[in-house]
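The values are calculated or read from the model by the stated rules, or taken from the named source; none is laboratory data. Note that the structure is predicted; figures quoted are calculated from it, not measured. When we count neighbours, we look across all protein chains shown, and the Cβ atoms used for this are built from the backbone with ideal geometry, even at glycine. The protein model used for the area step is the full one, side chains on, heavy atoms only, and it has no ligands, DNA or RNA in it. Shrake-Rupley method; radii C 1.70, N 1.55, O 1.52, S 1.80 Å.
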Amino acid sequence: MRKVLYATLASAALTVGAAHATETIVWWDFLSGGDGVRMKAMLDEFNKEHDGKVHIDATTLEWGVPFYTKVQTSAATGQGPDVMTYHESRMPLGISTGSLSPIAPEELAAAGIKASDFGPANWKAAQGTDGQQYAVPLDIHSIILYYNKDMLRKAGLLGDDGKPKGLDGAANFDAALAKLTTKEVAGLSVPNDGATGWRIFYTLLNQQDGQFFKDGKFLDGDNLDKATTALAEMQKWVKSGATPANTEYPASIALFTSGKAAMHINGVWEVPTMVDLAKKGQLFDWGAIQIPTFYAHPATWADSHSFAIPNRVGNPVDPAKRKLVLDAVHWFNEHSLEWAGGGHIPAYLPVQESAEFKALKPNSDYSSLAKTAVFDPVSTLAGVASPVYDASGNYVIPAMMGDMTPADAAKKMRDDLQGQAK
């Protein structure tokens, strides 16, 4: 009888212990550099706040093709994390390979995640063509225009509000570059990598209502002419002498931060670089705004870091763990003001529209781009570290540098990608 009693008490103790055991969420991300540091701080904050209840066990993997290949192979074999970061531009690839698990509306609702709390384009970019939700956005990141206030002021191109004026319209922008360019100073510095080239080109294409990919075809019809127009504008910057040719990524930043370029086009992720230099007293009075409107209307290339649940074949993430994951995802969005410190625009509108974010400079000066953001084409060939980015390096950059005619580059890019789509 005593043995039975001890056994019963022991069983009860195990049950109580299990009820209070810490749940572990296995997490994969591809965040390095400043983003990695900032996310680690947020992960530490989450784990501290949820101590004894939920713990996120995070691993950072190599960015780009290696990450998405790892996700695909692990999901196919029933391995992998409970949650992972995922670029929205790579959603078509993840969905087509069956690597992503759709998230049901009732699951989102249970975690307090609502479509109305996100910008329509941002939310839609996390969906498949079947209308199902495959991820939850964390941010919007894009290219922006950095500028030296002193140089623009001397050229009569700075308003009383400290923001550039007279830059809208291709002709006006070209005229501004002419005013800013001297023997010692370039009007504009731009990295010569395919990724940056694509982002600028796609921005200018969409400002003309051009479509890079539609109904299974690349640059079909008058979209080819609009692509040629965009490439011709980019080539003009270099041919005029306003933008130094063949400038590698670090050198393009150095040109701007050393005062050798009046303006600079790059991603929001370089905002911390400028902020840190300014804090050390090593940078001039600077600012950043949305890319000017060259053509019909505002539009800016954008992507989004998002959270997705892998489709682990034969070993799916169980419903209870999915609930924990989505609760955690919602927590990260509610705390995304901290993430915005990396230059990003919070995808979560209650944070994006908060007084705290509006006070964050220069982020709030370019946050308007969130309303006119254009995400990458819905194609398995598009997105970060994709064939589209490779094609940009092969055709957009040579056209910009004057090594190809804009028309020839546009046609070859179209034919190259169309050939891969077959």
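For region 134-147, 3J(HN,Hα) computed residue by residue from phi via the Karplus equation (6.51, -1.76, 1.60; θ = phi - 60°) reads 10, 6, 10, x, 10, 8, 10, 10, 8, 8, 9, 9, 8, 8 Hz, glycine and proline entered as x. Scanning residues 5 or more positions from Gly287 or on other chains, those with amide H under 5 Å from its amide H are Tyr147, Lys149, with H placed 1.01 Å from N in the peptide plane.
Residue by residue, region 32-41 carries 3J(HN,Hα) couplings of 10, x, x, 4, x, 5, 5, 5, 4, 5 Hz when phi is fed to the Karplus relation 6.51 cos²θ - 1.76 cosθ + 1.60 (θ = phi - 60°); x denotes Gly or Pro. Summarising the strand pairing of the chain, around 65 percent of its internal DSSP beta bridges are antiparallel. To the nearest ten degrees, helix 170-180 and the longest principal axis of the Cα atoms of the chain are 80 degrees apart.
When each of the peptides 345-355, 280-290 is scored by how many other beta carbons lie within 10 Å of its residues on average, the order from highest to lowest is 345-355, 280-290. For a label point 7 angstrom out from the Cα of Asp51 toward its Cβ, which stretches of region 327-358 have the backbone nitrogen within less than 20 Å? It comes to 328, 332, nothing else. Applying the Karplus relation 6.51 cos²θ - 1.76 cosθ + 1.60 with θ = phi - 60° to region 205-221 yields 3J(HN,Hα) values of 5, 6, 5, 9, 6, x, 10, 6, 9, 8, 6, x, 10, 9, 6, 7, x Hz, where x marks Gly and Pro. Counting only protein heavy atoms and a 1.4 Å probe, region 263-422 has 37 square angstrom of accessible area per residue.
Count Lys and Arg as plus one, Asp and Glu as minus one, and take only other residues whose Cβ is under 14 Å from that of Ala109; the net charge is then -1.
Applying both filters, DSSP loop and at most 14 other Cβ atoms within 10 Å, to the chymotrypsin sites (Phe, Trp or Tyr not before Pro) of region 79-180 eliminates every site. Averaging Cα coordinates gives a centre for region 41-117 and one for region 302-335; these two points are 5 Å apart. What angle do you read, to the nearest 10 degrees and between 0 and 90, between the alpha-carbon axis of helix 65-76 and the longest principal axis of the chain? Relative to the chain, helix 65-76 is tipped by roughly 30 degrees.
Measuring from a point 7 Å past the Cα of Asp285 along Cα-to-C-beta, which residues in region 367-393 have an amide N at less than 14 Å? Correct set: none at all.
Modelled spin-label separation between Leu349 and Ala407, with each label point placed 7 Å from Cα along the Cα-to-Cβ direction: 4.6 nm. Evaluated at q = 0.07, 0.10 Å⁻¹, a Debye calculation over the C-alpha positions of the chain (equal weights, vacuum) places log10 I(q)/I(0) at -0.37, -0.71.
Against the main long axis of the alpha-carbon atoms of the chain, helix 319-334 sits at an angle near 40°. The charge dipole of the chain, taken about its Cα centre with unit charges on the Cβ of Lys, Arg, Asp and Glu (plus for the first two, minus for the last two), comes to roughly 240 debye. Within the listed set Ala399, Ala230, Ala41, the Gaussian network model of the chain (springs between alpha-carbon atoms below 10 Å) gives the highest mean-square fluctuation for Ala41.
In the chain, the portion of solvent-accessible area held by carbon and sulfur atoms comes to 54 percent [1.4 Å probe, whole percent, DNA, RNA and ligands not counted]. For Leu61, the residues 5 or more places off, or on other chains, whose built amide H falls under 5 Å of its own are Asp29, Phe30, Leu31.
Multiplying the residue separation of Val313 and Val26 by 0.36 nm and removing their Cα-Cα distance gives an extension gain of 101.7 nm. Each Cα pair under 8 Å and six or more residues apart adds its separation to the average, and for region 179-281 the resulting relative contact order is 44 percent. For region 118-177, the relative contact order works out to 16 percent when only alpha carbon pairs closer than 8 Å and six or more residues apart are counted. Using only the Cα atoms of region 46-116, build the gyration tensor, take square roots of its eigenvalues as a ≥ b ≥ c, and label the shape rounded, prolate or oblate: rounded if a/c is under 1.5, else prolate if a/b is larger than b/c, else oblate. Oblate.
Taking every DSSP helix (H) stretch of at least 4 residues in the chain, weighting each as -39,500 (n - 2.57) and dividing the sum by the residue count yields a mean residue ellipticity at 222 nm of -12500 deg cm²/dmol. Around the amide H of Ser189, modelled in the peptide plane, lie the amide H atoms of Met263, His264, Ile265, all under 5 Å away and 5 or more residues distant in sequence or on another chain. Based on C-alpha pairs under 8 angstrom that are at least 6 apart in sequence, the chain has a relative contact order of 26 percent. With R₀ set to 25 Å, the beta-carbon distance separating Thr73 from Glu106 gives a calculated FRET efficiency near 0.25.
Can you classify region 236-301 as rounded, prolate or oblate using the Cα gyration tensor, where a ≥ b ≥ c are the square roots of its eigenvalues, rounded means a/c under 1.5, and otherwise it's prolate if a/b beats b/c and oblate if not? Since a/c reaches 1.5 but b/c is at least a/b, the shape of region 236-301 is classed as oblate.
Among Leu188, Leu337, Leu277, determine the one that fluctuates most according to a GNM of the chain built with springs between C-alpha atoms less than 10 Å apart. With Cα springs under 10 Å in the chain, the top fluctuation among Leu188, Leu337, Leu277 is at Leu277.
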